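The values are calculated or read from the model by the stated rules, or taken from the named source; none is laboratory data. Bear in mind that the values here come from a model prediction, so they are computed numbers and not experimental data. Because the Cβ atoms are built from the backbone with ideal geometry, glycine has one as well, and the counts that use them run over all protein chains shown.
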Amino acid sequence: MPRFVFEIGTEEIPPRFFPPALAQLGEDGRRMLEALRLSFGELKVYGTPRRLVLIVEGLAERQTPHTREERGPAKRVAFDGEDRPTKAALGFARRHGLSPDDLVVRATDQGDYVFAVVHEPELPAREALAGALSDLVTGLTFPKTMRWGTGAMRFGRPIRWLLALVGDEVVEFELEGLRSGRETRGHPVLADGMHSVPRAADYEDILRSHSVIVSPEERRAEIAQRVGAIAESESARVVDGGLLDETTFLVEYPTAARGAFDPDFLGLPRPVLIEEMQHVQAYFPLETEKGELLPKFVAVRDGGEDSLETVLSGWESVLRAKLIDASYFYQQDLKRSLAERVDDLKGVVFQERLGSVFDKAQRVRAVAAAAADQAALSAEERERLDRAAALCKADLTTEVVLDLSNLQGAMGREYALASGEPAQVADAIGEHYRPRSADDALPETKLGRLLAVSDKLDTLAALFAVGVVPSGSADPYGLRREAYGVVNILIAAGEAKQEERFALSLSCLLGAAVEALRGQADLDRPRKEVATEVMDFIRERLSVYLRGEGIRYDLVDAALAVGIDDISQAATRAQALRFAAAWDRAPKPPVPFLTTVIACTRPMNISKDFEGGEVNPDLFQEPAEKALWQAYQRVAYQADAVPLLGLFELIAKELREPIDRYFDDVLVMAEDEKLRRNRLVVCWHLSQLFSRIADFSLVVQD
């Protein structure tokens with residue numbers, strides 16, 4: 001069984017494009033092969049800065065045989081009274097490449113119909129792939145795309161060559177004027193030019209012989225080994241920060257070297273040094289075991305050892321120039337305190353209809369005050385949270401942040417400390433942008449979490465208020481990221497150690513956020529409507545988060561249907577449902593899950609639109625009524641003292657059978673109005689108890 005190699009050769013693609021692009025190439029490639037009826041073994045995806053590669057081991061030589069049946073017109077329409085084919089039959093047969101004699105008649109529920117039995121061709125793999133590879137390429141998506149030349153196609157970067165081999169044969173196809181072939185391109189410095197690949201099996205070796213390590217895993221291991229060896233020789237450790245993953249897709253043939261800079265620059269704040277080395281220049285900073293930065297770094301070159309000293313000297317010169325600028329900016333910034341910069345924010349536009357960043361900071365203070373009430377902060381903590389909210393955006397006016405925008409927040413912390421602000425205030429300022437991405441750290445301090453949530457909720461409420469809402473893949477203000485950050489922070493806050501733990505009412509905070517907009521924004525819609533839309537938006541992010549944790553979609557829906565005002569509690573409900581649902585697959589479950597869910601659903605459904613009330617036990621007529629009410633009271637008495645999973649167990653053990661007996665023996669919808677109302681009130685009380693866990697009617701019952 002042959003090997004298939006497909007390489008899309010491009011100009012240099014940004015590193016951040018690769019993880020999603022390679023994942024999509026693998027998934028789309030798998031679907032393509034399945035659609036083509038080509039069986040295969042292992043499927044791999046590789047990538048370097050100038051290529052995306054799909055490799056398939058053990059590809060079938062030919063398509064799997066396949067026969068399909070297509071239903072045509074009814075027999076009475078397809079044939080006349082003398083069984084001669086009509087125009088309808090002739091057209092149907094011709095459409096499927098058959099003669100009328102090949103049509104067959106089959107009985108169906110609607111009567112006798114004509115069918116075409118079509119035997120799909122069993123093309124060789126090379127021919128089948130030739131018609132599908134163009135779509136595979138054009139189907140790939142990137143955060144940003146570009147056109148080149150006179151073509152209309154868009155891709156992450158211009159495509160320059162296409163290699164497609166099944167065994168030793170080329171899969172011939174054309175895309176944007178490029179014809180596929182058997183040539184690949186070597187390293188741009190060490191072995192530039194096109195190089196022939198005789199067989200698919202030779203692909204990796206041919207590239208390696210021309211100084212390209214095509215496997216990202218191999219390159220990553222090579223970089224880690226080289227950088228780690230240099231760090232070890234310096235008795236230091238590497239500050240990674242995700243740079244290893246990025247560098248993997250910056251080079252095709254890595255070589256590493258140690259550089260150095262003037263120790264006087266260590267007087268700069270650590271975030272500045274890290275940003276200049278790691279994110280601006282893609283150098284690995286080195287630090288001691290105690291976490292103190294050293295005046296040294298490791299840089300990775302895409303190429304060999306030749307003239308490495310000259311290259312290293314250039315690296316050091318570039319870094320020195322950057323650090324000189326940063327040092328000057330930092331010293332200029334220190335001439336004014338952070339508090340003195342707050343008024344400067346009036347000249348920084350947040351959004352054209354939402355005023356300045358100064359206005360935003362004032363709104364954040366209002367939301368933070370509401371959060372402080374809910375988190376039961378001490379007077380000192382409230383004062384420091386308000387101070388952090390007032391100062392949190394002031395670093396946007398500093399020279400360092402204007403030059404290195406990624407340092408907003410981090411430099412706010414540094415300037416706050418330099419201005420004599422309390423450490424709690426500085427830390428909250430430094431953390432309030434977190435998390436900036438899905439893999440970013442969450443705020444670590446209580447005030448940092450409260451300030452981050454307040455800032456993110458203001459952003460969401462303000463932009464929703466003026467109609468700036470994510471649409472499709474467009475989300476220029478990162479509102480999905482902001483909502484996801486709120487979800488992550490509040491879940492973490494609910495799981496924190498006792499002294500750091502807090503729970504916030506999302507509806508109350510959103511109420512404060514939209515109220516703070518009064519007089520600052522020309523709102524087209526009622527504020528309550530804005531708060532509801534933001535709440536629904538956050539609900540979607542919470543649902544995505546929980547499903548990403550492996551919780552079944554119906555269990556997530558059931559848990560969130562009873563409310564997300566306390567996000568941490570909503571997540572706990574979903575987790576409890578996941579554990580409970582797993583009991584039905586356990587050898588000795590403590591209680592049954594699905595039968596308990598079915599029992600709980602009965603009173604919830606019948607009292608869904610009921611307004612509630614007080615139960616009158618004197619109106620009980622059946623023993624099942626009294627038994628259910630007594631069982632309910634026992635469970636309700638214990639409900640506050642047990643975790644949600646324990647509450648589900650109690651319901652299963654104490655209420656499941658009484659509920660079933662109740663609905664077997666008692667006519668809830670009795671003709672007598674007093675009896676009917678009293679029985680509905682019983683069901684309503686049960687529903688309120690069950691709603692502490694979920695809306696069980698949304699759990700899939702199969």
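Out of all the residues in segment 503-518, which are at pLDDT 90 or above and of a type outside the set (A, V, I, L, M)? Matches in segment 503-518: Ser505, Ser507, Cys508, Gly511, Glu515. A residue that is in a helix (DSSP H, G or I), in contact with a Leu (Cβ under 8 Å, 6 or more places away or on another chain) and basic (Lys, Arg) cannot be found anywhere in segment 472-487. Residues that are in contact (Cβ under 8 Å) with a residue 12 or more places away in the chain, assigned to a loop (DSSP other than H, G, I, E, B) and over 14 Å from Phe284 (Cβ atoms): does segment 214-229 have at least one? Taking every residue of segment 214-229 in turn, at least one turns out to be in contact (Cβ under 8 Å) with a residue 12 or more places away in the chain, assigned to a loop (DSSP other than H, G, I, E, B) and over 14 Å from Phe284 (Cβ atoms).
For segment 168-196, the set of residues classified as under 14 Å from Gly9 (Cα atoms), crowded, with 17+ Cβ neighbours inside 10 Å and aliphatic (A, V, I, L, M) consists of Leu175 only. Among the residues of segment 634-644, the one identified as in contact (Cβ under 8 Å) with a residue 60 or more places away in the chain and either among the aromatic types (Phe, Trp, Tyr) or surrounded by 19 or more Cβ atoms within 10 Å (Cβ to Cβ) (or both) is Leu644. Candidates are the residues of segment 332-355 that are among the polar types (S, T, N, Q) and over 37 Å from the mean Cα position of the chain (by Cα); the one that is surrounded by the fewest Cβ atoms within 10 Å (Cβ to Cβ) is Gln332. Where helices (runs of 4 or more DSSP H) fall wholly inside segment 328-435, the ranges with 1 or more residues that are farther than 15 Å from Leu451 by Cα and modelled with pLDDT of 95 or more are 357-374, 379-391, 399-403, 410-418.
Would you confirm, using the coordinates I've provided, whether Leu162 is in the same structural domain as Glu204 (by TED's automatic domain parsing), assigned to a strand (DSSP E or B) and within 30 Å of Ser473 (Cβ to Cβ)? So Leu162 passes the test. Of the residues screened, Gly259 is not one that is in the same structural domain as Pro285 (by TED's automatic domain parsing) and more than 30 Å from Phe329 (Cα to Cα).
Annotation note: Cβ proximity below 7 Å between a residue of segment 257-272 that is in a helix (DSSP H, G or I) and a residue that is polar (S, T, N, Q) (sequence gap 6+ or interchain) occurs for Phe265/Ser327. The single condition among (1) under 26 Å from Ala574 (Cα atoms); (2) β-branched (Val, Ile, Thr); (3) surrounded by fewer than 19 Cβ atoms within 10 Å (Cβ to Cβ) that Val668 does not satisfy is (1). Over 29 Å from Gly355 (Cα atoms) and either without any contact (Cβ under 8 Å) to a residue 12 or more places away in the chain or assigned to a loop (DSSP other than H, G, I, E, B) (or both): is that true of Ile491 in this structure? It is false that Ile491 is over 29 Å from Gly355 (Cα atoms) and either without any contact (Cβ under 8 Å) to a residue 12 or more places away in the chain or assigned to a loop (DSSP other than H, G, I, E, B) (or both). Helices (runs of 4 or more DSSP H) fully within segment 500-615 that include at least 2 residues being farther than 30 Å from Arg656 by Cα and among the charged types (D, E, K, R): 527-548. Scanning segment 429-454 for residues that are touching a residue at least 24 places away in the same chain (Cβ under 8 Å) and over 19 Å from Ala503 (Cβ atoms) returns Ile429, His432, Tyr433, Arg434, Pro435, Arg436, Ser437, Ala438, Asp439.
Is it true that Leu38 is buried (at least 19 other Cβ atoms within 10 Å of the Cβ), more than 18 Å from Val137 (Cα to Cα) and under 40 Å from the mean Cα position of the chain (by Cα)? Yes: the conditions hold for Leu38. Pairing each residue of segment 397-411 that is small (Gly, Ala, Ser) with any residue that is not in a helix (DSSP H, G or I), provided the two are 6+ apart or on different chains, yields C-beta distances under 7 Å for Gly409/His432; Gly409/Tyr433. Sort out which residues of segment 368-395 are within 18 Å of Met411 (Cα to Cα) and of a type in the set (Gly, Ala, Ser), and write them in order of number. Ala388, Ala389, Ala390, Ala394, listed by residue number.
Which residue is nearest to Tyr253 (Cα to Cα), if the candidates are limited to segment 175-198 and must be in contact (Cβ under 8 Å) with a residue 24 or more places away in the chain and in a strand (DSSP E or B)? Restricting to residues being in contact (Cβ under 8 Å) with a residue 24 or more places away in the chain and in a strand (DSSP E or B), the top hit is Arg185. Of note, Gly47 does not satisfy the criterion of being out of contact with any helix residue (DSSP H, G or I) (no Cβ under 6 Å at 6 or more places or on another chain) and either of a type outside the set (Ser, Thr, Tyr) or not assigned by TED's automatic domain parsing to the domain that holds Ser196 (or both). Please go through segment 110-159 and pick out each residue that is of a type in the set (D, E, K, R) and either within 18 Å of Gly26 (Cβ to Cβ) or assigned to a loop (DSSP other than H, G, I, E, B) (or both). Hits for segment 110-159 are Glu120, Glu122, Asp135, Lys144, Arg147, Arg154, Arg157.
Contact map, segment 90-118: residues that are touching a residue at least 60 places away in the same chain (Cβ under 8 Å) and at positive phi paired with residues that are among the hydrophobic types (A, V, I, L, M, F, W, C) and loosely packed, with under 14 Cβ neighbours inside 10 Å, Cβ distance under 6 Å, separation 6+ or inter-chain. No pairs are found.
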